[in-house]
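Written out below as structure tokens is the structure these notes cover.
The values are calculated or read from the model by the stated rules, or taken from the named source; none is laboratory data. As the structure is a prediction and not an experimental result, all values here were calculated from the model. Please note: Cβ atoms are built from the backbone with ideal geometry, for glycine as well, and neighbour counts cover all protein chains shown.
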Amino acid sequence: MGQELPSVFLVGPMGAGKTTIGKLLAKQLGRTFVDSDWYIESQTGADIAWIFAKEGEAGFRERETRAIDELTQNSQIVLATGGGAVMCSENREFLKQRGIVVYLNAPVEVQLARTSKDKSRPLLQQPNPRKILQDLYSARDPLYRQVAHIIMPTGHTYPRHMVNQLMQQLESFVDCTTDASAHQED
Ligand SMILES: Nc1ncnc2c1ncn2[C@@H]1O[C@H](COP(=O)(O)OP(=O)(O)OP(=O)(O)O)[C@@H](O)[C@H]1O
Ligand SMILES: O=C(O)C1=C[C@@H](O)[C@@H](O)[C@H](O)C1
Ligand SMILES: [Mg+2]
């Protein structure tokens, strides 16, 4: 692979492993890793909990769309997006048109276990985070699927193993699209 691989954009629910796998994948590919949540925090000079508290979810989503537009214009990065980035159709267009989108998909019970000790996700600071995760999953799973070029379950696989599998999938994806465009030119 190498030069011909476009940017890789990871989407999926909270706790699917976008940040964890994104960092490892970027290292493997020798590319820059960017996390849209961290980027928004650095641009704002405040953490996500603060943005939600002061500007509401709507304010956060506006910042997120600006961030996704800017970041997806980079041609060779690995980008981990926030769990709700796919809710906005503009974001879905930016992602789908500008790189390879990978949907990391984990069952709700796994999402819950992976997010339960970390208080940095404002949407989950509720008495029943399992129900929130379930409702978000029902609403968003069709949107993750709509935008994805590749879908990978992450529930029961070690991050390093996941990255090896993902490298293989990316390789076949690039080969297939290269073959398809060669045929079009024939
Ligand atoms: N494949 C995996 N196996 C075991 N633990 C994992 C795996 N992937 C991620 N984790 C753990 O789950 C937690 C959440 O992972 P991570 O922050 O990467 O999720 P995320 O998809 O980026 O979530 P968010 O949308 O909230 O940013 C971390 O503690 C991470 O170490
Ligand atoms: O699923 C979501 O809507 C969110 C996921 C996180 O990555 C952050 O973007 C924020 O906490 C909102
Ligand atoms: Mg993350």
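Things worth noting here:
- Boolean, residue 107 is out of contact with any helix residue (DSSP H, G or I) (no Cβ under 9 Å at 6 or more places or on another chain), closer than 29 Å to residue 172 by Cβ, at pLDDT 95 or above and surrounded by fewer than 19 Cβ atoms within 10 Å (Cβ to Cβ): no
- Single residue of 16, 26, 49, 53 found to be at pLDDT 95 or above and in contact with a Ser or Thr (Cβ under 6 Å, 6 or more places away or on another chain): 16
- Candidates 71, 95, 170 - the one that is out of contact with any Phe, Trp or Tyr (no Cβ under 7 Å at 6 or more places or on another chain) and touching a residue at least 24 places away in the same chain (Cβ under 8 Å): 170
- Verdict on residue 62 being of a type in the set (D, E, K, R), within 24 Å of residue 137 (Cα to Cα) and either more than 9 Å from ligand 2 (Cβ to nearest atom) or in contact with a Lys or Arg (Cβ under 8 Å, 6 or more places away or on another chain) (or both): yes
- Inter-residue pairs, beta-carbon under 6 Å, first within 14 Å of residue 101 (Cα to Cα) and away from ligand 1 (no atom under 16 Å from the Cβ) and in region 1-26, second modelled with pLDDT of 95 or more and among the β-branched types (Val, Ile, Thr), 6+ apart: 6/100; 7/77
- When region 131-186 is limited to residues that are of a type in the set (Val, Ile, Thr) and in a helix (DSSP H, G or I), the one that is nearest to ligand 1 (Cβ to nearest atom) turns out to be 163.
- Evaluated against (1) hydrophobic (A, V, I, L, M, F, W, C); (2) surrounded by fewer than 20 Cβ atoms within 10 Å (Cβ to Cβ); (3) within 11 Å of ligand 2 (Cβ to nearest atom), residue 53 falls short on exactly one condition, (3).
- Residue 96 vs. criteria part of a helix (DSSP H, G or I) and farther than 23 Å from residue 139 by Cα: no
- Only one of 66, 61 that is surrounded by 14 or more Cβ atoms within 10 Å (Cβ to Cβ), free of Cβ contacts under 8 Å to residues at least 60 places away in the same chain and of a type outside the set (S, T, N, Q): 61
- Scoring residue 20 on the criteria (1) assigned to a helix (DSSP H, G or I); (2) touching a helix residue (DSSP H, G or I) at 6+ places or on another chain (Cβ under 6 Å); (3) near ligand 2 (Cβ under 9 Å from one of its atoms) leaves a single failure, condition (3).
- Check on residue 82, touching a helix residue (DSSP H, G or I) at 6+ places or on another chain (Cβ under 7 Å) and buried (at least 17 other Cβ atoms within 10 Å of the Cβ): yes
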